[in-house]
Amino acid sequence: MRTVHVIGAGMAGLSCAVQCARAGHSVAIYEASLQAGGRCRSFQDEGLGCMIDNGSHMLIGANDATKNYLEQIGSKELVTEIAPATFPFLEPDTGQQWQIKPGSPYFSLWLLTPGRRVPGTNPVDYAKAFKLSRAKKEDTVGQIIGQDDPLYDRLWQPICRAVLNTDADVASAQLLWKVIKLSFLKGEAACRPMIFEKGLSAALVSPALTFLENKGADIRFQARLRGLRWQNDVVLAMRFPEGLLRVENEDAVVLAVPPDVCAELWPDTNPPVETLPIVNVHFRVREPIELPGGLPFLGLIGTDSQWIFSRENVLSITISAASDHVDKPNWEIANHLWSEITKILGRNMGRLPPWRVIKERRATIAQTPAVLAGRPGATTSLNNLFVAGDWTNTGLPATIEGSIKSGRRAARLAIRRMTKVPDDP
Ligand SMILES: Cc1cc2nc3c(=O)[nH]c(=O)nc-3n(C[C@H](O)[C@H](O)[C@H](O)COP(=O)(O)OP(=O)(O)OC[C@H]3O[C@@H](n4cnc5c(N)ncnc54)[C@H](O)[C@@H]3O)c2cc1C
């Protein structure tokens, strides 16, 4: 039976495998680590005594491919959609709080309500977003919006960091415009935050593995692909530490690995290798804490802590585009962020509780114009080799949605290739 060999069980690899299995193909998955999920995973932390995610993740209502994937693997109810769409913010220095509440698809109408925009701004300030629509490939958000804009620090910078994991001064203006078109310009439902109250793996990973097992997929952990053998434009074999594994002529191989690994395995793809880190700190608190704004997450302005997520007894702090923080010692980061958030939450929460710092040094590619210009497509110079991952040219930011879309695209190409190749005589 024709087999799709999927290398890497992150979101791209899982989504590819699910599509291939759904289409009735034989699937084999090879994952280097002990667990699936890649940069989007949960694990039991012995120090904290509970399950945590490697980093807090959020989807938005516009993430149709992800919603579809959740439906296919039967875990839609494990993601909580917040309606109406609301993004609460707090600026500790001024004590000001506000909520961005996007509304009707007619961009400006909801902005006429002062309570739904950043304090001290007027609807005209938001009209500058349309300047992004005319941005050229090489333009950054900072250049188009201007760093002296009243919304720069309180809207554009937090959006760029949250969505592109890149500071606004270097983030791609065209990519940000794409996000605005798919979310704010589509209306309230497209902007709804979606969070993982039971954790990332419970919603995105474990149900996919169960689905694949039920479809008979061969899933191997600690199976790190070391190299490929090819001839006459097709992959002939995959090299694992244990030895060579033959790839039949009618099979397909999908590399759903991070860009630096792809650069080693198939350098012709020329993947972008400039990445940016995200730092997350999880604090195990005595009891669940309600955040200002009343939602399980809160955006912070003017502090190193950028977002707080509160889930059961864990407070998690996110710092995106974290190049200035990632090399600091863990204890220093934990102490600093704890002192920031205890002030913010305005209560005596006691001494530093049990904590865990997770530094994802290569969290995503840097989403700058130069890096994005080098994103490759899914095909390669080999007829039966395809690539997938958030770093490929999906037209979307490097996110779960981008990974899932890239996995689906690779699945389509792999299936098309397999159905074209005649059986070996
Ligand atoms: C801290 C953090 C916060 C984030 N927040 C958000 C968010 O809020 N919303 C959002 O949409 N996105 C967010 N993202 C981005 C999102 O997690 C990624 O875009 C997505 O998980 C990438 O999936 P992927 O499959 O493309 O790559 P990966 O997750 O990197 O998967 C690649 C897989 O390949 C495996 N592998 C590597 N080498 C080999 C090999 N040689 N052989 C076999 N297997 C191999 C790896 O172990 C891994 O499992 C965040 C990322 C991080 C790190």
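The values are calculated or read from the model by the stated rules, or taken from the named source; none is laboratory data. The structure presented is a predicted model; accordingly, all values stated were derived computationally and were not measured. Here Cβ is always computed from backbone atoms with ideal geometry, including for glycine, and neighbour counts include all displayed protein chains. What goes into the accessible areas is simple: the full protein's heavy atoms, side chains included, and nothing from ligands, DNA or RNA. Shrake-Rupley method; radii C 1.70, N 1.55, O 1.52, S 1.80 Å.
For the stretch 330-348, the condition of being surrounded by fewer than 19 Cβ atoms within 10 Å (Cβ to Cβ) and either in the same structural domain as GLY47 (by TED's automatic domain parsing) or touching a Phe, Trp or Tyr at 6+ places or on another chain (Cβ under 6 Å) (or both) holds for none of the residues.
In the stretch 99-118, the condition of being at pLDDT 90 or above, under 30 Å from GLU290 (Cβ atoms) and of a type outside the set (D, E, K, R) is met by at least one residue.
Annotation: THR269 fulfils all but one of (1) closer than 20 Å to GLY402 by Cα; (2) within 18 Å of the chain's Cα centre (by Cα); the unmet one is (2). Identification of helices (runs of 4 or more DSSP H) wholly contained in the stretch 114-201 with 3 or more residues that are touching a helix residue (DSSP H, G or I) at 6+ places or on another chain (Cβ under 7 Å) yields 141-145, 173-182.
Could you please give the count of residues in the stretch 74-83 that are closer than 15 Å to GLU401 by Cα and open to solvent by less than 50 Å² (accessible area, probe 1.4 Å)?
Within the stretch 74-83, residues that are closer than 15 Å to GLU401 by Cα and open to solvent by less than 50 Å² (accessible area, probe 1.4 Å) number 1.
Considered as a group, the residues in the stretch 244-284 that are more than 15 Å from the ligand (Cβ to nearest atom), surrounded by fewer than 18 Cβ atoms within 10 Å (Cβ to Cβ) and modelled with pLDDT of 95 or more include one that is farthest from VAL326 (Cα to Cα), and that residue is ARG246. Taking every residue in the stretch 3-30 that is at positive phi and more than 9 Å from the ligand (Cβ to nearest atom) and pairing it with any residue that is outside any strand (DSSP E or B) and open to solvent by 10 Å² or more (accessible area, probe 1.4 Å), at least 6 positions away or on another chain, the pairs with Cβ-Cβ distances below 9 Å are GLY24/LYS215. Counting only strands (runs of 3 or more DSSP E) that sit wholly inside the stretch 1-64, those with at least 1 residues that are of a type outside the set (Val, Ile, Thr) and surrounded by fewer than 24 Cβ atoms within 10 Å (Cβ to Cβ) are 26-30, 42-45, 50-53, 58-60. Residue count for the stretch 89-101 under the criterion of being touching a residue at least 40 places away in the same chain (Cβ under 8 Å) and buried (at least 21 other Cβ atoms within 10 Å of the Cβ): the result is 3. Number of residues in the stretch 345-400 that are of a type in the set (Phe, Trp, Tyr) and farther than 30 Å from ILE52 by Cα equals 1. Exactly one residue among THR66, THR80 is over 24 Å from ASN313 (Cβ atoms), of a type in the set (Val, Ile, Thr) and touching a residue at least 12 places away in the same chain (Cβ under 8 Å), and that residue is THR66.
Just the residues that are within 12 Å of the ligand (Cβ to nearest atom), open to solvent by less than 40 Å² (accessible area, probe 1.4 Å) and closer than 17 Å to VAL273 by Cα, please, taken from the stretch 358-374. So that I can check it myself, show each step before the final result.
Within the stretch 358-374, the first condition is being within 12 Å of the ligand (Cβ to nearest atom), and the residues that meet it are 358-365, 367.
Right, trim to open to solvent by less than 40 Å² (accessible area, probe 1.4 Å) and you get 358, 360, 363-365, 367.
Those that are within 12 Å of the ligand (Cβ to nearest atom), open to solvent by less than 40 Å² (accessible area, probe 1.4 Å) and closer than 17 Å to VAL273 by Cα: GLU360, ALA363, THR364, ILE365, GLN367.
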